[in-house]
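Throughout, read-outs are computed from the coordinates displayed, never taken from laboratory work. No experiment lies behind these values; they were computed from the predicted model shown. Heads up, the Cβs are rebuilt from the backbone with ideal geometry, glycines too, and the neighbour counts pull from every protein chain shown.
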Amino acid sequence: MHLYCVGLDVHKQIIAFCVKTLDGRIEREGSVAARRGVLDEWIKTLPGACVVGLETTMFSHWIYQHLKQRGVDVRMGHAARMKAICAGKRKSDKLDARMIADLLRANLFPECYVIDPELGALRRQLRFRRRMVQEEVMFRNKTAGLLMECGIEYESRKLHGKRYFASLLQQLGEEEKELRPLLEFNRRQIDNLRQMNRQVIQVLGRRPQLAERVKALQQIDGVGPVTALTWALEIGDPQRFGSMRQAQSYCGLTSAQRESAGKQQRGPISKQRNARLQSALIEAAKLAPINNPILKQVHSKARERGRNANTATLEVARKLVRFLLAADRAFAAAQSGAAAA
């Protein structure tokens, strides 16, 4: 049984803490430096059995894992649901730590899912790969922009091919000699980013358990390796969703709901979602109907009902989530059965 509730307000360099008893009396409060060695010393000063709560931020996950490895009962709070922290007129690190401790004490602390550390490390690599793709697109667009600024004609479909680009550089005249180093720099960046992209995909593909899971997801027509990797690493445990609607909401494919006095209102697509997973699913939904007759039928029916192209794509993405979640749950059940046997 926990005798104390500890609230942590986490920042980059400092952590404000508040230790409260179950009856609400403040036992200790203060702040410590956000360093591993300092946290180890701070754990020794805790008065007894306690539960620690902290809000999800950029700096929270390493603290969560560090405390958990030391045997501390620690819980991560859902940032969007912890509105009690920012609803007050006064706000400070000390008051935030007290509020988190009170939420724990009243059993009102909104916990969120925390991904496994091994999967979290792989997810970090995949998110870095997404950044590289964005940078590559930026350099591609910049190359085309430089040519258009100087009035140089080119074939857009062949522009980023090595042979065509090399021949294009040879055709530059004396008037465009200052353009050559800029184009060559852009080309080097594109090649380097492509190589790094391939390396990241290869590293992720070498993980045996992840590779088997991705292979199971790719059995769905229209799902490629990047979509399957994104789903596996962003979802983590597929069993954490109690219903299909929760999974679709997490993927950012449902609209916000407002209900008052018996009246319901639906707004645009909610901003509370996993943006990376949403982007991957939308891009997959645009191409999946080409290879998947069921998804093609979903898209056609939406268009026949008068829906525009974007709404029809959303319908396909929702159906794709159903397929992915079902396949992922089946794979997880098979793995559990094999482990039990």
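Each label point is 7 Å from the Cα along the Cα-to-Cβ direction; what then is the distance between the points at Asn291 and Glu175, in nm?
Spacing of the two 7 Å Cα→Cβ label points: 4.6 nm.
List, in order, the whole-Hz ³J(HN,Hα) value for each residue of segment 6-13 obtained from phi through the Karplus relation with A = 6.51, B = -1.76, C = 1.60 and θ = phi - 60°; use x for Gly and Pro.
3J(HN,Hα) across segment 6-13, in whole Hz: 10, x, 10, 9, 9, 9, 5, 10.
What is the mean projected area of the alpha carbon convex hull for segment 159-205, to one decimal in square nanometres?
3.5
Using a Gaussian network model of the chain with C-alpha springs under 10 Å, which one of Ala101, Ala34, Ala232 is most mobile by mean-square fluctuation?
Checking each option, the largest mean-square fluctuation is seen for Ala34.
Compare Thr143, Thr313, Thr254 in a GNM of the chain, Cα atoms joined below 10 Å, and give the one with the largest fluctuation.
Looking only at Thr143, Thr313, Thr254, the largest GNM fluctuation is found for Thr143.
Over all directions, the average projected area of the alpha-carbon convex hull for segment 117-206 comes to how many nm²?
Reported value for the Cα convex hull: 6.5 nm².
Would you compute, from DSSP H runs of 4+ residues alone, the mean residue ellipticity of the chain at 222 nm, taking -39500 (n - 2.57) per run and dividing by the full residue count, rounded to the nearest 500?
After summing the helix terms and dividing by residue count, I get -18500 deg cm²/dmol.
Over segment 1-115, what relative contact order in percent results from Cα pairs under 8 Å that are six or more residues apart?
Across segment 1-115, relative contact order equals 33 percent.
Quick one: compute a quarter of the convex hull surface over the Cα atoms of the chain and quote it in nm².
Its average projected convex-hull area is 25.9 nm².
Please figure out what share of the DSSP beta bridges in the chain is antiparallel and state it in percent, rounded to the nearest 5.
Counting only bridges with both partners in the chain, antiparallel ones make up about 65 percent.
Out of the DSSP beta bridges found with both residues in segment 1-136, what percent are antiparallel (nearest 5)?
The antiparallel fraction comes to roughly 60 percent.
Considering Cα pairs under 8 angstrom that are at least six residues apart, work out the relative contact order of segment 117-206 and quote it in whole percent.
Relative contact order, segment 117-206: 48 percent.
Got a sec to turn the phi values of segment 47-59 into Karplus ³J(HN,Hα) couplings, 6.51 cos²θ - 1.76 cosθ + 1.60 with θ = phi - 60°, whole Hz, x for Gly and Pro?
Residue by residue, segment 47-59 yields x, x, 4, 8, 10, 10, x, 8, 8, 5, 9, 5, 9 Hz.
Mind pulling up the Rg/Rh value for segment 259-323? Radius of gyration and Kirkwood radius, both on Cα.
A ratio of 1.06.
For segment 239-313, which trypsin sites (Lys or Arg not before Pro) pass both filters: DSSP loop (anything but H, G, I, E, B) and at most 14 other C-beta atoms within 10 Å?
Lys271, Arg305
Mind checking which of Ser260, Ser60, Ser279 has the largest fluctuation in a GNM of the chain, springs on alpha carbons under 10 Å?
So, out of Ser260, Ser60, Ser279, the one fluctuating most is Ser260.
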